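In what follows, a structure is listed as structure tokens, so that the remarks can point back to it.
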Amino acid sequence: MKRLLLLLMILLLSGSALFSGTGSLLLDAVVFGLDVAAKAGKGKVEVTLPDEEKEISVRRVSMKKMKTIFEEHNFLLLEYEKRLEIYDRLSVPIAWPVVKGITIGFGKGSRLQRDHAGSITGIVMDTASAAAIGTGLVFIVIDAIFVGMLGGRENFSDDELQATGENLLFGGLIALGASRVIQGIGPAVYGLRYNKVLRTGLGLAKDRSDAVGLAIGFAPLPTGDGRLQWQVAARIPLR
């Protein structure tokens, strides 16, 4: 009876996988849309620093390389708005990579941040977990169908093949859960550290409190009767 229940469960899972094509396409479309949204406004920045003659190109690179760029070039000479624009284009998304790492895995969240080490780690962990789960299921199916049904044995609770399969299955599930937790924490830590490097190199406050500042300017304004008045203009950045 246990073997029949196990066989029915496997057939049910297989049937669910076969009929999930439409849902899979919808999920792929949603994931693609979120990827595009996370990358929106990001990209390479061309900038000319006041103390340098030639234009330099800055793109999202590793944290170590980004620190080197800030050591070689003084971005603090740029106006606040320009530094903020550079930060917005080079900063790393955090929320969606964390969710993607937990739900999809295989290093996809870290890959979205261009964290190659985190991406490779996620691929290795999920692949090893999936291999253990798959091997465990194969052992259980072999024991249930070939050893049990064809062999005619009714009691297989102490069967060594089944025990090995169950250990691999449950061990793989535990490893997969741990892998997804790590892939959720990794992008969060990497994103926070990377964005902090950017803010430090660009001289930006985390809460953008440095954006609140009063700028006052004066300009001559001629009147219709030929007299000259002064126009006062004030600007307060709200970002």
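Read-outs: derived from the displayed coordinates by stated rules, not from any lab. As the structure is a prediction and not an experimental result, all values here were calculated from the model. Here the Cβ is made from the backbone with ideal geometry for all residues, glycine too, and neighbour counts use every protein chain on show.
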In nanometres, what is the gap between the two model label sites at residue 99 and residue 117, each 7 Å from Cα along Cα-to-Cβ?
2.8
Each label point is 7 Å from the Cα along the Cα-to-Cβ direction; what then is the distance between the points at residue 53 and residue 26, in nm?
6.2
For residue 92, other-chain or 5+-apart residues with amide H closer than 5 Å (H placed, Pro excluded) are 195
Along region 111-118, what does the Karplus equation 6.51 cos²θ - 1.76 cosθ + 1.60 (θ = phi - 60°) give for ³J(HN,Hα), rounded to whole Hz, x for Gly and Pro?
5, 5, 8, 6, 8, 5, 5, x
Between residue 178 and residue 69, 0.36 nm times their residue separation minus their Cα-Cα distance comes to what?
35.7 nm
Give me the net charge for the shell around residue 36: Cβ to Cβ below 14 angstrom, other residues only, Lys and Arg +1, Asp and Glu -1.
+1
Chain lengthening between residue 188 and residue 163 when straightened (0.36 nm per residue, less Cα-Cα):
5.2 nm
Please find the FRET efficiency linking residue 138 to residue 36, where r is the Cβ-Cβ separation and R0 is fixed at 41 Å, and quote it to the nearest 0.05.
0.60
Using all alpha carbons of region 33-80, what is the percent of pairwise distances in each 5 Å bin, ordered from the shortest bin to the longest?
5, 17, 22, 24, 15, 9, 6, 2, 0
Prolate/oblate/rounded label for region 60-155 (Cα gyration tensor, a/c 1.5)
prolate
Residue 44 to residue 61: extension gain in nm, 0.36 nm per residue of separation minus the Cα-Cα distance?
5.1 nm
